[in-house]
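Since every read-out is calculated from the coordinates, none of them should be taken as a lab result. Every value quoted in this text rests on a predicted model; they were computed, and no experiment measured them. So basically every Cβ, Gly included, is an ideal-geometry build from the backbone, and we count neighbours across all protein chains shown.
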Amino acid sequence: MKIVLIGSGGREHALAVKIAECNATEKLYVIPGNSGTKQVGENVQINQDDHDLIIKFCMEQKIDLVVIGPEKPLIDGLADKLRNEGIKVFGPSKSAARIEGEKSFAKKLMKESKIPTAAFEVFDKDNYDAAIKYLHKINYPTVIKADGIAAGKGVMIAEVFDDAKEALRECFINCSFGSAGDKIVIEEFMTGQEASIFAITDGIDFILLPAAQDHKRIFDNDKGKNTGGMGAYAPTPFVNDTDLKIVAKEIIGPTLNALREKGMPFVGCLYCGLMMTSAGPKVVEFNCRFGDPETQVILPLLDGNFVELLYSAASGKINKDAIKYNGGASVCVVAASGGYPDKFEKGFVINGLENVFPNANVYHAGTKELDGKILTNGGRVLSITSFTEKKNVIEAKRIAYEALSKINFEGMHYRKDISDKAF
Ligand code: AMP
Ligand code: GLY
C-alpha cells in the first residue's frame, strides 16, 4: 500500500514508525513531516493547509490510504475532499469533526443521547447579561470553555464568580480567542482522575485501544499552566475492564450512533477525554483524531497489523482482529523548550540523539535539521517513549527517564513525575 500521513508532530512521528513497520506498507509519504518522520518515510514539502496540492499529490501517486493526524485539516474538510476523489481516508468528515471543533455541538449531542458529561449551558456573545446572571446562581469552581478551537487555551477554571466574569470578558469583550470565543460553554466542575480513550471506528463498529493518562500541566504535581501535553503513560489503572465496557456501551456506542443518525458518520479515531468520577466515567471532551502524546504510548502496546486496522476502518468494515493489546506498558516524557508554554527561544542544538536506546524511541516534534544537526524548533521538542513487554509502568518510567538523561539542549525542561499517579 502507498500511504500518505498528514502532520508534523510527535504523534505523527509515532504513527509513521508504526505504519512503516507494517508489511502492508510499500511506501509512506509524510506531508509535511519532520526530521523524525524522514527516517521512516519520505517527507513531502506541501503545506498541510494546501488541500488542492495534497489531493493532486495523492492522485498522481495513486495513494491507497491517507491518514490525517491533526484536527485542523479534518475540521477544514480535507477528508471530504479526498473521499470525493475516491481516495480512502482514515479521519472524519468536516461535519463529524465538529465533535472537536465546536464544544457546544458535542455537549448538545451528549445531552440528546444521555451520554454522561458535566451539566452545562451555552451562551452567545450577545447573551452576555444572561451569562452573568447564570454565573450568579451556579456552584463554584466552574468551567468556562471557548466553543471553538483555541490552541489548547480556551478552557478556564473559575474558582469564584470574579474569575468566571473575567473569563467571560476574555471571550466576549477582549476577544482573546478570536471567533472561537464568540460562543461559550459554562459547565459543571468535575473531579476524579482523567483518562484518554481512543475508539477506532468505521462509523458503526469500533474497538477501544488501551487507556492512557495525559499530563497537561507544565510542572510536576499538575502545577502551572496547561500545555499541549508534557507526557503520558498507558495503560492507566484508573480505567479497568469494567470501566472500558461502560465507556463502550454508554459513551462511544451512543456517540457514534448519534453522529450517524445526524448523517455525519465518524470514521477514524474518536478521542474521548474522560473524568473517572465517583458516579462513573463522564466525558470531558471529544477530539476527532489521535491524541498527542497519548499516541506515542498507545502504539507500542499494539501487536498485529496496524495498517489493516486503519485501512479496514477507512473502507467501511473495520477488522476488529487486526491488532491486539500486547500486555505491555509505555511511558512518554516530553522534553520542552525553556519558557514553554509561554515565550521560548528556538534553534538550540539537540545533543545525544545518536544514542541507541534499548526499549525506547525518541519521537521528534518541534525539531528541525540544519547542516546535519538537529535543532530545537518548537515548544514541545521531543517525546521520549519507553515500552516494556510486561505491564510494568514503574520499569517503563525508569527506561524513559534513563533515555532522557542522555539527551540535552539549552533550556530543556521536562516533568519528573510522568506516570507517578499510576503507582
Ligand atoms: P479540554 O480542552 O476540554 O480537555 O479541557 C482541558 C482540561 O481542563 C481538561 O483536561 C481538564 O483537566 C480540565 N477540564 C475541562 N473540563 C472540565 C470539567 N468540566 N471539570 C473539571 N475539569 C475540566
Ligand atoms: N493530549 C491531548 C490532546 O491530544 O488533545
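Would you check which residues across the stretch 212-237 are polar (S, T, N, Q) and more than 15 Å from SER419 (Cβ to Cβ) and list them?
Just the residues of the stretch 212-237 that are polar (S, T, N, Q), to begin with: 213, 221, 226-227, 236.
Selection gives ASN226, THR227.
Could you say which residue among GLY273, GLY291, GLY263 is in contact (Cβ under 8 Å) with a residue 60 or more places away in the chain, part of a loop (DSSP other than H, G, I, E, B) and within 14 Å of ligand 2 (Cβ to nearest atom)? Talk me through it step by step, then tell me what you get.
Numbers: GLY273 fails: part of a loop (DSSP other than H, G, I, E, B); GLY263 fails: within 14 Å of ligand 2 (Cβ to nearest atom).
Only one candidate qualifies: GLY291.
For ASN361, indicate whether it is in a loop (DSSP other than H, G, I, E, B) and of a type in the set (S, T, N, Q). Criteria not met by ASN361. Yes or no: PHE123 part of a helix (DSSP H, G or I) and either without any contact (Cβ under 8 Å) to a residue 40 or more places away in the chain or in contact with a strand residue (DSSP E or B) (Cβ under 9 Å, 6 or more places away or on another chain) (or both)? Taking the combined requirement at face value, the residue does not satisfy it. The number of residues in the stretch 105-120 that are out of contact with any helix residue (DSSP H, G or I) (no Cβ under 7 Å at 6 or more places or on another chain), part of a helix (DSSP H, G or I) and of a type in the set (D, E, K, R) comes to 3.
Residues that are surrounded by fewer than 17 Cβ atoms within 10 Å (Cβ to Cβ) and more than 10 Å from ligand 1 (Cβ to nearest atom): find the strands (runs of 3 or more DSSP E) completely inside the stretch 180-235 holding 1 or more of those. Talk me through it step by step, then tell me what you get.
Details: elements: 183-188, 193-201, 206-208, 217-219, 223-226, 231-234.
Strands (runs of 3 or more DSSP E) meeting the threshold: 193-201, 217-219, 223-226.
Of all residues in the stretch 384-396, those being buried (at least 24 other Cβ atoms within 10 Å of the Cβ) and either basic (Lys, Arg) or closer than 15 Å to VAL356 by Cα (or both) number 3. Candidates are the residues of the stretch 245-257 that are crowded, with 18+ Cβ neighbours inside 10 Å and among the hydrophobic types (A, V, I, L, M, F, W, C); the one that is farthest from ligand 2 (Cβ to nearest atom) is LEU256.
Taking the stretch 126-172 as the range and being of a type in the set (D, E, K, R), outside any loop (DSSP other than H, G, I, E, B) and in contact with a Ser or Thr (Cβ under 6 Å, 6 or more places away or on another chain) as the test, only GLU170 passes. Is at least one residue of the stretch 240-260 more than 16 Å from ligand 1 (Cβ to nearest atom), in contact with a Lys or Arg (Cβ under 8 Å, 6 or more places away or on another chain) and not in a loop (DSSP other than H, G, I, E, B)? Within the stretch 240-260, one or more residues are more than 16 Å from ligand 1 (Cβ to nearest atom), in contact with a Lys or Arg (Cβ under 8 Å, 6 or more places away or on another chain) and not in a loop (DSSP other than H, G, I, E, B). Scanning the stretch 145-170 for residues that are in contact (Cβ under 8 Å) with a residue 40 or more places away in the chain and more than 14 Å from ligand 1 (Cβ to nearest atom) returns a single hit, LEU168.
Report the residue count in the stretch 161-210 for those that are over 20 Å from ALA313 (Cα atoms) and either more than 16 Å from ligand 2 (Cβ to nearest atom) or hydrophobic (A, V, I, L, M, F, W, C) (or both).
Going residue by residue through the stretch 161-210, those that are over 20 Å from ALA313 (Cα atoms) are 161-196.
Restricting the remaining residues to those that are either more than 16 Å from ligand 2 (Cβ to nearest atom) or hydrophobic (A, V, I, L, M, F, W, C) (or both) gives 161-192, 195.
Result for the stretch 161-210: 33.
Here the helices (runs of 4 or more DSSP H) wholly within the stretch 1-104 that include at least 3 residues being among the hydrophobic types (A, V, I, L, M, F, W, C) and buried (at least 18 other Cβ atoms within 10 Å of the Cβ) are 10-20, 51-60, 78-84.
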